[in-house]
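Visitor: Quick one: this structure, given as structure tokens, is what I'll be asking you about.
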4 protein chains.
Amino acid sequence: MLSGKIKKIGVLTGGGDCPGLNAVIRAIVKTAASYSISVVGILDGFGGLIHNQTWKLTEKDVMGILPRGGTILGTTNRDDPFNYPVIQDGKKVLADVSSQVKNNLHQNELDALIVIGGDGTLKIALGFHQIGVPVIGVPKTIDNDLSATDQTFGFDTALTTATEAIDKLHTTAESHHRVMVLEVMGRYAGWIALQSGLAGGADVILLPEIPFQMSKVIGKIKERRDHGKKFSIIVVAEGAMPLGGHMVVQKHIEDSPDPVRLGGIGNLVGVQVEEGTGMETRVTVLGHLQRGGSPTAFDRILATRYGNGAIHLLNSKKFGEMVCLRTPDIKSVPLSEAVGELRQVSPEGQMVKTAEQIGICLGR
Amino acid sequence: MLSGKIKKIGVLTGGGDCPGLNAVIRAIVKTAASYSISVVGILDGFGGLIHNQTWKLTEKDVMGILPRGGTILGTTNRDDPFNYPVIQDGKKVLADVSSQVKNNLHQNELDALIVIGGDGTLKIALGFHQIGVPVIGVPKTIDNDLSATDQTFGFDTALTTATEAIDKLHTTAESHHRVMVLEVMGRYAGWIALQSGLAGGADVILLPEIPFQMSKVIGKIKERRDHGKKFSIIVVAEGAMPLGGHMVVQKHIEDSPDPVRLGGIGNLVGVQVEEGTGMETRVTVLGHLQRGGSPTAFDRILATRYGNGAIHLLNSKKFGEMVCLRTPDIKSVPLSEAVGELRQVSPEGQMVKTAEQIGICLGR
Amino acid sequence: MLSGKIKKIGVLTGGGDCPGLNAVIRAIVKTAASYSISVVGILDGFGGLIHNQTWKLTEKDVMGILPRGGTILGTTNRDDPFNYPVIQDGKKVLADVSSQVKNNLHQNELDALIVIGGDGTLKIALGFHQIGVPVIGVPKTIDNDLSATDQTFGFDTALTTATEAIDKLHTTAESHHRVMVLEVMGRYAGWIALQSGLAGGADVILLPEIPFQMSKVIGKIKERRDHGKKFSIIVVAEGAMPLGGHMVVQKHIEDSPDPVRLGGIGNLVGVQVEEGTGMETRVTVLGHLQRGGSPTAFDRILATRYGNGAIHLLNSKKFGEMVCLRTPDIKSVPLSEAVGELRQVSPEGQMVKTAEQIGICLGR
Amino acid sequence: MLSGKIKKIGVLTGGGDCPGLNAVIRAIVKTAASYSISVVGILDGFGGLIHNQTWKLTEKDVMGILPRGGTILGTTNRDDPFNYPVIQDGKKVLADVSSQVKNNLHQNELDALIVIGGDGTLKIALGFHQIGVPVIGVPKTIDNDLSATDQTFGFDTALTTATEAIDKLHTTAESHHRVMVLEVMGRYAGWIALQSGLAGGADVILLPEIPFQMSKVIGKIKERRDHGKKFSIIVVAEGAMPLGGHMVVQKHIEDSPDPVRLGGIGNLVGVQVEEGTGMETRVTVLGHLQRGGSPTAFDRILATRYGNGAIHLLNSKKFGEMVCLRTPDIKSVPLSEAVGELRQVSPEGQMVKTAEQIGICLGR
């Protein structure tokens, strides 16, 4: 492990794009400068460490990036140095090239490495920690599904984008007496769906954590219609599943006269609602719009505090740890405890109960 | 034709939802009030005149609706009184129920009718004018594809929504070195695609008016990559077509191992770009989000001026006419000349030339 | 104290306007409906209880109000029933009219009262609790300066408005090589200034909690200029004070050749910066814009949870208590402990330290 | 005058900041590149030509600036080379340093100069044209008060900012039963006030072109109150004047017990409305926020077309001309005809009449 003062560090971003990454990088560079630590940006995730593609970051390089989405360092969902595709005997195999990474760290005289990334990226970071690389983690998940921290940056921006979408769909739904379905991100955790549904005034919210019955959904929409509310808004997390799961979905696709219309779960819900209620139904898949755009004030602040906190961990030699938010403070937690720990919506939790008590149907 | 002072009028909205409809209604009610004309709202397009569903509109009813999308009167793409489905001898046939509409107008003591709607709705309005109903038209097309007016309300809002979407996709495209495809509205005219592409800094824009060659699109993206620009943004109008048209699309679908991925033209372009460049490509279909939301300042003003102008046409007994914008004035034009006259993007026009000169590829 | 099931309650909003009030009202009405409790809205704060101006709230009345700023019940900073101005013997005196309020509560058959308001309003609520009226409090402070809760609704919206303002000032400051001063809300607590300054990338932030030295502020701006950064952004809380306090301000006003230019503290800072640096300086006072607009997703959710939680407190007969956020849960705290407990920015706290470490000057 | 092909040009921005300047610069650089013309940016207006501060602009330099407010070249309201302050015999005098500018143009091998600026800047451009410098003008006025063009970029963004401000003030006005006064830009022309007032649903709009009577304003607000509308919104252009003009203002200031409260015309109106109606009144001065921020889609497109059009004028050797919008085309007009020609709101024009007919009071 490292002894003596830290003079030079590397920073990389990995995994899916997320508003606030630039704010983390900016805070790292500015805080490091206050401790006379120089910062080297590593391009395109761990790939940049394998191929030794780096960029010396000065305060000038991070000027003006606070309000910008994306990452000036580039990011990727690929490139795990412990399982990296190489050609051996004419065949593509997965090899461990972590020693090459260590060499490059050494060659660049990097005393430590800050890794900003999601679960996959942080697992790799933990791997490097375990083979002796001084590593600090900064968590990044737009789905807000990490149990070790109260909140992650990017989530508030995605939530805002999804809520604005619901606001837009509302007026059209009402004018046309339609059912509008919005599919939002959330493969394993339904936080974006639940919170944007609450914020946007949805009538039905479908979550990965609560398998839904289509009969309940259709019943809710009919009940609204019977009370003179001739439109409904349904928010569906991409990972939501009907009770019975994949087999039910598969059966529906096989029975469908037009499987092309059935892309994700949003379309499936849309088709079934239209069949079940006889009401015009339209589906919107929000997709990548949720990962882009200028971060909200909240996300810029949280990201800035994370970046600042990462340098503090460095200075305290708390390697192998990850910054986290324990409201109202930035604290830290070992990567080994944090990675892989999913924070899901509790089906009997307070927020879900609130949703149901104000009349939102969760399909159960 | 009507003689004497107009005392009471009806107003209806028809066709697809469009930001600014409420602003038109508000201006009609307020201007009418200044001439002591009372206004009756007719619900859900011409359907409300067939079934006599009306709502007496006071100034209080239109308070606060200026910034709201949608229409308080409801709207629909169906219900043509000249071709209305009725059951005859146990069979569904299309009948002319226009006399029923005239009866209802008479019964409600409506001296005239203001019809706010798109091409289809205005054609029906023209039909009523031709059978002696005093009618005034207010044009509505979110695609801005009506030749009789410089601009229609709703377009600027849709353009803004599309441009914001491109802004959001930009950062993610850049961070991930991806190609991002955005499919926007525009079945017969590519105004939203062309203008949002210009405003958002797209690299490729595909329009219904200019059949595109995929080879040119792919060439452009490769050329950018060769110059170190590792991402590209493509904006596609939903009505864009490759050179060769439907047959080329059909062939591609037949050849595809996964036809489910190929929904609209946006997906088709996305798949082919990924195949042709080897770069990660993601597609977003903006869809109904373009019809919703609070109208922009421009749209609120234009809609207000249209509503005001419609009452002036009424007072001048210019029945059978439609308000239009001839910058900077609101004027009018006979419905008979206006309906069906599509305003398309000129493939050799100034705006298209500008796009190409600043380096945007139009696929030709 | 009340025995038996609660059947009918009153709700009022008091104090300054705050985005999210309507969301609280909506959640109260909807949650109450799920328990078959009917809700009566009381107009314009406690004034409505004195003059018995009420409005029976149905679910229809709260339809569509979730995204709207303001309060459908009206609000006011005046009208304390314990100190209410009445004419006695031709003179205006402050009288205790609380018995009149109790009578009106009785007459309207209200089993309990939910009071949504700031510190002043909640003190009155506590007064009624102490004379036997079953009261539940919902805290509202746009300044986020209440120690009993992690956050209050409205703050995130105000923060967003202030951050957007800084974003706008940034480009102009940079283009013109100017110093831009933005005065934001925060009389006793500088949360809006501190957080918007962090989120907007301010160079100087002045808070009520940290008396500032103008020499430090001017030094910072000169230092930036010397490093080639020819512009600066200063965010000032309206309650910020120079070291030495009011006397220093007063002296400056007396010495000024043009006291008209010196309105609030923002203008004072602007004039002194211009004098001290010779750089063009412009001041913007954000004012009431911070209280308006559609609440952010965060504020809509928090407000909804507060409204829902208030009904739970009612059902548990936890009168005299106030809902609060203890992340991630909605809990409660006695009004007697909550009112008057100011939550200020800690001059040595983590967020302030972070600001200084990334190079922001706090004037000390 | 220049003969032969243009190879290298200069571009500068002058006058007040305006959203869209960067979009013009970007379009100039990109279009010029398509004609193999290289572009040199001149820093900080004509000052950069006096002091020979330039920046060779490549396509890379203009990447990503389309959505950004401000100008990468810097701008200023000072520095007229025909009247430039120099020290002569120990005294500051205004001298003609235009020959120095010509020398610098020559030294930089600039074949022509594109000047983007407001009326003052374009007058200087015209001066250079008249002494033989090949100049092209691009008009810039956020107030939209130039008669030679249908619209200028920046106006739509300022209008949007002002309209959003009115939207925010609306809810607070309504909740508190207050009168809210918003002072917006417009010294000689009231376009921002008139159009934002129309778009935001103002009740009173005061313009430089229509001297107002305070009695009419107060009458309007009282009339609204009598009809149960307990709030009002007043939009005031900074250049609005009461009937009688400066003397009336001066008298009011002299009579006032608190002249500090009376800054601009907005405050004066606010104080008088409060006195005249007895209603709580609050004033917001929007100020510099109107010049900042990301340009709207409309402004980005218009600015792009202007930049593109400027290169076309260059190529056609139409020196001494200025690009302009004649809907829907970009055309040109001699600078000598364009400068100094103010486009004001016509007091009897269509838009003003519309405002009055929907019930807006213009103070007359």
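The values are calculated or read from the model by the stated rules, or taken from the named source; none is laboratory data. Small disclaimer: the values here were computed from a predicted structure and weren't measured. Here the Cβ is made from the backbone with ideal geometry for all residues, glycine too, and neighbour counts use every protein chain on show. To get the accessible areas, we keep the full protein, side chains included, count just its heavy atoms, and leave off ligands, DNA and RNA. Shrake-Rupley method; radii C 1.70, N 1.55, O 1.52, S 1.80 Å.
Visitor: Just checking, does region C:219-228 include any residue being facing another protein chain (nearest Cβ under 10 Å), open to solvent by 10 Å² or more (accessible area, probe 1.4 Å) and touching a Leu at 6+ places or on another chain (Cβ under 8 Å)?
Guide: no
Visitor: Which of the residues that make up region C:15-42 are small (Gly, Ala, Ser), under 19 Å from C:Thr157 (Cβ atoms) and buried (at least 24 other Cβ atoms within 10 Å of the Cβ)?
Guide: Result: C:Gly20, C:Ala23, C:Ala27.
Visitor: For B:Asp111, indicate whether it is closer than 23 Å to B:Gln195 by Cβ, out of contact with any Gly (no Cβ under 6 Å at 6 or more places or on another chain) and open to solvent by 10 Å² or more (accessible area, probe 1.4 Å).
Guide: When the stated conditions are applied, B:Asp111 does not pass them.
Visitor: What number of residues in region A:74-100 are touching a strand residue (DSSP E or B) at 6+ places or on another chain (Cβ under 7 Å), surrounded by 18 or more Cβ atoms within 10 Å (Cβ to Cβ) and under 20 Å from A:His129 (Cβ atoms)?
Guide: Counting residues in region A:74-100 that are touching a strand residue (DSSP E or B) at 6+ places or on another chain (Cβ under 7 Å), surrounded by 18 or more Cβ atoms within 10 Å (Cβ to Cβ) and under 20 Å from A:His129 (Cβ atoms) gives 2.
Visitor: While we're here: Residues of region B:1-45 being away from chain D (no Cβ under 14 Å), over 26 Å from the mean Cα position of the chain (by Cα) and part of a loop (DSSP other than H, G, I, E, B), which ones?
Guide: B:Met1, B:Leu2, B:Ser3, B:Gly4, B:Lys5, B:Ile6, B:Lys7
Visitor: Quick check: anything in region D:333-345 touching a Leu at 6+ places or on another chain (Cβ under 8 Å), more than 23 Å from D:Ile192 (Cα to Cα), part of a strand (DSSP E or B) and modelled with pLDDT of 95 or more?
Guide: Within region D:333-345, the subset touching a Leu at 6+ places or on another chain (Cβ under 8 Å) is D:335-336, D:338-339, D:341-343, D:345.
Within this subset, residues satisfying the condition of being more than 23 Å from D:Ile192 (Cα to Cα) are D:335-336.
Subset that is part of a strand (DSSP E or B): none.
No, region D:333-345 contains no residue that is touching a Leu at 6+ places or on another chain (Cβ under 8 Å), more than 23 Å from D:Ile192 (Cα to Cα), part of a strand (DSSP E or B) and modelled with pLDDT of 95 or more.
Visitor: For region D:61-70, which residues satisfy the criterion of being open to solvent by 10 Å² or more (accessible area, probe 1.4 Å) and more than 14 Å from chain C (Cβ to nearest Cβ)?
Guide: D:Asp61, D:Met63
Visitor: Turning to a different aspect of this structure: Answer with yes or no whether B:Glu223 is within 20 Å of the chain's Cα centre (by Cα) and without any contact (Cβ under 8 Å) to a residue 24 or more places away in the chain.
Guide: Details: within 20 Å of the chain's Cα centre (by Cα): no; without any contact (Cβ under 8 Å) to a residue 24 or more places away in the chain: yes.
No; evaluated as a whole, the condition is false for this residue.
Visitor: Starting from region C:84-103, take each residue that is without any contact (Cβ under 8 Å) to a residue 12 or more places away in the chain and list its partners that are among the basic types (Lys, Arg), counting only C-beta distances under 8 angstrom and pairs at least six apart or across chains.
Guide: So the pair list comes out as C:Pro85/C:Lys92; C:Val86/C:Lys92.
Visitor: Something else now. Output the number of the condition that D:Gly270 fails; it satisfies all remaining conditions of (1) assigned by TED's automatic domain parsing to the domain that holds D:Gly186; (2) under 17 Å from D:Ala202 (Cα atoms); (3) touching a Ser or Thr at 6+ places or on another chain (Cβ under 9 Å); (4) open to solvent by 30 Å² or more (accessible area, probe 1.4 Å).
Guide: The number of the failed condition is (4).
Visitor: Of all residues in region B:310-342, how many are open to solvent by 10 Å² or more (accessible area, probe 1.4 Å) and either under 15 Å from B:Val135 (Cβ atoms) or facing chain D (nearest Cβ under 10 Å) (or both)?
Guide: So the answer is 21.
Visitor: Which strands (runs of 3 or more DSSP E) does region D:73-186 wholly contain that include 3 or more residues that are touching a helix residue (DSSP H, G or I) at 6+ places or on another chain (Cβ under 8 Å) and assigned by TED's automatic domain parsing to the domain that holds D:Pro328?
Guide: Counting at least 3 such residues, we get D:112-117, D:135-139.
Visitor: Go through (1) in a strand (DSSP E or B); (2) at the interface with chain B (Cβ under 10 Å from one of its Cβ atoms); (3) in contact (Cβ under 8 Å) with a residue 60 or more places away in the chain for D:Gly359 and report which single condition fails.
Guide: Unmet for D:Gly359, out of (1) in a strand (DSSP E or B); (2) at the interface with chain B (Cβ under 10 Å from one of its Cβ atoms); (3) in contact (Cβ under 8 Å) with a residue 60 or more places away in the chain: (1).
Visitor: Further, regarding this structure: What's the number of the only condition in (1) without any contact (Cβ under 8 Å) to a residue 60 or more places away in the chain; (2) crowded, with 24+ Cβ neighbours inside 10 Å; (3) not β-branched (Val, Ile, Thr) that D:Gly127 fails to meet?
Guide: (2) is the only condition that D:Gly127 fails.
Visitor: Considering only region B:46-60, state which residues are part of a loop (DSSP other than H, G, I, E, B) and within 12 Å of another protein chain (Cβ to nearest Cβ).
Guide: B:Thr58, B:Glu59, B:Lys60
Visitor: So if I check each of B:Gly186, B:Gly190, B:Gly200, which one is within 13 Å of chain D (Cβ to nearest Cβ), modelled with pLDDT of 95 or more and surrounded by 24 or more Cβ atoms within 10 Å (Cβ to Cβ)?
Guide: Just one listed residue meets the conditions, B:Gly200.
Visitor: Just wondering, is there one or more residues in region D:46-60 that are under 19 Å from the mean Cα position of the chain (by Cα), assigned by TED's automatic domain parsing to the domain that holds D:Leu110 and crowded, with 22+ Cβ neighbours inside 10 Å?
Guide: The answer is yes; a qualifying residue exists.
Visitor: Could you list, in sequence order, all residues of region A:162-171 that are open to solvent by 10 Å² or more (accessible area, probe 1.4 Å) and either modelled with pLDDT of 95 or more or not hydroxyl-bearing (Ser, Thr, Tyr) (or both)?
Guide: A:Glu164, A:Asp167, A:Lys168, A:His170
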